[in-house]
Amino acid sequence: MPLPNMFRVEQRFDAPKLDDILAAVDAELSKLMLGERIGAGESVAVTAGSRGIANIAVITKAVVGHLRGIGAEPFVVPAMGSHGGGTAEGQAGILAGYGITEDFLGCPVRSSMETVVVAETPQGIPVHFDKHAHEADHVLVAGRVKPHTGFVGEIESGLHKMMLIGLGKHEGAKIYHRAIQDFSFPEIVRAVGNVVLECCGVVAGLAIVENAYDETGLVEAVRPEEFYEREVELLKRAKAWMPRLPFDDVDLLIVDRIGKDISGSGMDTNVIGRKFNDHAATDRDNVACRRILVRGLTEKTHGNGLGIGMAEFTLNRVVDQIDHGISSINAITGGHPTAVMIPIAFETDREAIEAALSTCGLVEPENAKVVQISDTLHLRHVLVSEAYAARLETRDDLTAEGPFPMPLDDVGNLADVDG
């Protein structure tokens, strides 16, 4: 089958960036004058999630350092729902993989799957809260604010989600995702968030917003009573700063890797356009990808293949990388079992590409609109097919080199975009 020629494209995004993260975190927390609310020697649980947040180890260390500076006794708790196989060891291992260790932080990391039910929401939903965090004198919630991959609202992923899913651990994540079948996501967020803020000693938040290059663009310290108001505004900023595909109509999207460190859904549905339907764009999506091929998993996803079910095609080696136990726990907890369903798998990239292009309608394979990306978090460099050539000439935010034959080796496998 003749395959399309490709261009290598560099995208340019508007991307504010923090240069001195330690100083920025300290300056933001200083604005809250936490020393007036936290007594000397009092314990503070600091959250750390499973997402691949840029500079997360440095940000967490800066939070710990600030708290030590006012005489507090901080410790870190994994706040990641059912990730890490739903075990304390697995969750501590995820943090260690990000460099969040006791040696680096200079404080304990206390990982447990035990929760305390602190109250019920008006809807009758029991509110679970991490046992170690509940036993602390105070809790500081740190997390990235960004669009959620499955829900839409004034707030989506951020400080509230850390209080619900993260600090709710496996039991909380299960009950909240079940509740979504009966109540809207915004209802649950407000109700559970209000209970946590009232009952669980939350003293502050640290919101993180990243730019389109997977860099720290902003950190903001937030008072508990302002969590909702500030998340609404920060989500708007996060949406404006998100990376995106260079074109919104794609016959075949080739994704070099997916993983939980890339997105909660393995690949970000805000980028690929499958937020409301796993296998088709809807009128609510900004991007339409007819077919998706996934070529690999990230190392830091630890075998969690969540998101593979959104692709129609993959490779045998990808299927072999998946830890089906860990993946199933995450998918079932999230109420999204289709997220780990296995696509059609082939031995080589060429076989998978040819099969995918043969299902893209009347377009001839060599004229198909093909885009290859590293993952949905890193989109500075992408490959696009010659079908986009005329449009490349009209875009001053894109620099293109090519065209050249699709870079397949003698076996029939592609090179990674960043390889």
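The values are calculated or read from the model by the stated rules, or taken from the named source; none is laboratory data. This one's a predicted model, so the numbers in the text were calculated from it and none came from an experiment. In this analysis, Cβ positions are derived from the backbone assuming ideal geometry, glycine residues included, and neighbour counts consider all displayed protein chains.
Structural remarks
- Selection within region 393-419 - closer than 27 Å to Glu210 by Cβ, in the same structural domain as Arg290 (by TED's automatic domain parsing) and of a type outside the set (Asp, Glu): Arg395, Leu398, Thr399, Ala400
- When region 194-216 is filtered for residues that are surrounded by 20 or more Cβ atoms within 10 Å (Cβ to Cβ) and either outside the structural domain of Phe129 (by TED's automatic domain parsing) or within 22 Å of the chain's Cα centre (by Cα) (or both), the ones remaining, listed by number, are Gly205, Leu206, Ala207, Ile208, Val209, Glu210, Asn211, Ala212, Thr216.
- Lone qualifier among Asp103, Asp137, Asp130 - being buried (at least 22 other Cβ atoms within 10 Å of the Cβ) and acidic (Asp, Glu): Asp130
- When region 60-79 is filtered for residues that are under 21 Å from Gly166 (Cα atoms) and in a loop (DSSP other than H, G, I, E, B), only Ala79 remains.
- Subset of region 299-320 (residues that are over 25 Å from Ile94 (Cα atoms) and surrounded by fewer than 17 Cβ atoms within 10 Å (Cβ to Cβ)): Asn316
- Search result, residues across region 88-122 that are part of a loop (DSSP other than H, G, I, E, B) and more than 16 Å from Gly166 (Cβ to Cβ): Gly99, Thr101, Gly106, Cys107, Pro108, Thr121, Pro122
- All conditions in (1) polar (S, T, N, Q); (2) out of contact with any helix residue (DSSP H, G or I) (no Cβ under 9 Å at 6 or more places or on another chain); (3) in contact (Cβ under 8 Å) with a residue 60 or more places away in the chain hold for Asn270, with the sole exception of (2).
- Taken over region 1-47, the residue count meeting the criterion of being assigned to a loop (DSSP other than H, G, I, E, B), more than 30 Å from Leu297 (Cβ to Cβ), touching a residue at least 40 places away in the same chain (Cβ under 8 Å) and of a type in the set (Gly, Ala, Ser) is 1.
- Restricting attention to region 242-293, the residues that are among the aromatic types (Phe, Trp, Tyr) and at pLDDT 95 or above total 1.
- Selection from region 280-298 of residues that are surrounded by fewer than 21 Cβ atoms within 10 Å (Cβ to Cβ) and either basic (Lys, Arg) or closer than 14 Å to Val319 by Cα (or both): Arg284, Gly296, Thr298
- Matching entry among Ser82, Ser50 (being surrounded by 16 or more Cβ atoms within 10 Å (Cβ to Cβ), out of contact with any strand residue (DSSP E or B) (no Cβ under 8 Å at 6 or more places or on another chain), on the phi < 0 side of the Ramachandran plot and part of a loop (DSSP other than H, G, I, E, B)): Ser82
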